[in-house]
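To keep things clear, I will list the structure first and then write my remarks on it.
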Amino acid sequence: MTTTAEMRGDSLVLNGTKTHISNGSEADVVIVAAKSARGSIGDQPGLSLVLVETERPGVTQAAIEKTGMAALDTGRITFDDCVVPQSNLLGAEGMGFVYLMSFLGVERLVLAIYAQACAERILAELIRDCDARQTPEGSLLAHQSPRFSLAELYSECAVNRSFVDQCIPQVQEGRFDPKQACIAKLRTTATLKALASLAVQLRGAGGISGDSGARASQDLLDASVQSIWGGTSEILLDLIGRSMASGL
Ligand SMILES: Cc1cc2nc3c(=O)[nH]c(=O)nc-3n(C[C@H](O)[C@H](O)[C@H](O)COP(=O)(O)OP(=O)(O)OC[C@H]3O[C@@H](n4cnc5c(N)ncnc54)[C@H](O)[C@@H]3O)c2cc1C
């Protein structure tokens, strides 16, 4: 994070660039996490959360071209001596990291729910198409290799669904462990990517051509995004691993 929020009198002055921000090229109001003079812990700088109306002077928004998630606006926002009143500061100066951590778990769980929903849709369509694809010995499901591959991912999907489902009431009851969200996002996105890849393979040439191919190829690209946003799988593994070591 390079964007800074400097306190000057009754104002905050923002400088820096935020990239790959969902709805970033069109949003009217954004919450900016920026480095601040206060709130540092050890060598980690303090962070402040600042509400910014994007029509303010010094704000530039631009759309980013991308191949995955075509329907989602993803943008870059640049702040060049952008002045906002101090009243736009959310909470206390320098406490942004604490605020971010308090809802990041829920955001990751929401992303896990989305990944799970995508996986279940891809799985249902793939089983339907494999059943419809006839070979001399019967449908594709009559063959052990594709049947086993599907059964593996069907089982993973069922276990993931159960795990995600048991996280939801924990959030509602205010006793959610953020590590559970890391596990949920890690596992659901891994299964989603494996399914999206199998959905191309088991359709043969139809996995990359015609209407079924357009959908399967797009699913594969979109699935790739899901193990990146909201914390990459590598970062999630690191967080889970660290919490194991500290006995949390
Ligand atoms: C479609 C889309 C929408 C997004 N929307 C938002 C948004 O609304 N708001 C927002 O703030 N961000 C958003 N992001 C940004 C997203 O959170 C980042 O892309 C993501 O956190 C990865 O950071 P990076 O792209 O800089 O990759 P990098 O950090 O450059 O990572 C590259 C690779 O290195 C690995 N890596 C990096 N650091 C480590 C480490 N310490 N240990 C081990 N491996 C590591 C990563 O896991 C990854 O595999 C969005 C991204 C996308 C693609």
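What the table below lists for this structure:
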| item | result |
| --- | --- |
| Calculated [θ] (222 nm, deg cm²/dmol) that DSSP helices of n ≥ 4 give over the chain, each run adding -39,500 (n - 2.57) | -17000 deg cm²/dmol |
| Sparsely packed GluC sites (Glu not before Pro) within the stretch 151-248, loop by DSSP, other Cβ within 10 Å at most 16 | E173 |
| Per-residue Cβ neighbour rank within 10 angstrom, fewest leading, L198, L12 | L198, L12 |
| Long-range tail of P(r) for the stretch 94-152 (Cα pairs > 14 Å, %) | 68 |
| Label-to-label distance, nm, for residues given as D80 and M101 (7 Å Cα→Cβ offset) | 3.6 |
| Between helix 233-245 and the chain: long-axis angle, C-alpha atoms, 0 to 90°, nearest 10 | 80 |
| Mean projection area, nm², convex hull over Cα of the stretch 4-94 | 6.4 |
| Extension gain, R215 back to F163 (0.36 nm per residue minus Cα-Cα distance, nm) | 15.9 nm |
| Estimated translational D of the chain in µm²/s (Stokes, Kirkwood radius over Cα pairs; 25 °C; 0.890 mPa s) | 119 |
| Those GluC sites (Glu not before Pro) in the stretch 36-76 that DSSP places in a loop and that have at most 13 other beta carbons within 10 Å | E55, E65 |
| Added length on full extension, which subtracts the Cα-Cα distance from 0.36 nm per residue, L237 to A70 | 57.3 nm |
| Computed log₁₀ I(q)/I(0) - Debye formula, equal Cα scatterers, no solvent, the stretch 1-54, q 0.28 Å⁻¹ | -1.18 |
| Antiparallel content of DSSP bridges confined to the chain, in %, to 5 | 95 |
| Mean-position separation - Cα centroids, the stretch 1-50 and the stretch 172-248, in angstrom | 29 |
| Overall form of the stretch 56-115 per C-alpha gyration tensor (a/c, 1.5; a/b vs b/c) | oblate |
| Pairwise centroid distance, computed over Cα atoms, of the stretch 58-87 with the stretch 97-164, Å | 33 |
| Taking R242, R187 and counting other C-beta atoms within 10 Å, the order from fewest to most | R242, R187 |
| Amide proton proximity set for S40, modelled H, under 5 Å, gap of 5+ | G46 |
| Sequence of K66, K18 once ranked by neighbouring C-beta atoms within 10 Å, starting from the fewest | K66, K18 |
| Helix axis angle, 96-132 relative to the chain longest principal axis, alpha carbon, degrees | 20 |
| Gain upon complete extension [I41, D177; 0.36 nm per residue less C-alpha separation] | 46.7 nm |
| Charge dipole of the chain about the Cα centre (unit charges at C-beta), most positive-ward option of Y114, P85, S243 | S243 |
| When the convex hull of its Cα atoms is projected in every direction, mean area for the stretch 145-238 (nm²) | 6.9 |
| Label point at V110 placed 7 Å out along Cα→Cβ; residues across the stretch 185-223 whose backbone nitrogen lies under 16 Å | 185 |
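The numbers here are math on the coordinates, done by the rules we state, and not lab data. Note that the structure is predicted; figures quoted are calculated from it, not measured. Because the Cβ atoms are built from the backbone with ideal geometry, glycine has one as well, and the counts that use them run over all protein chains shown.
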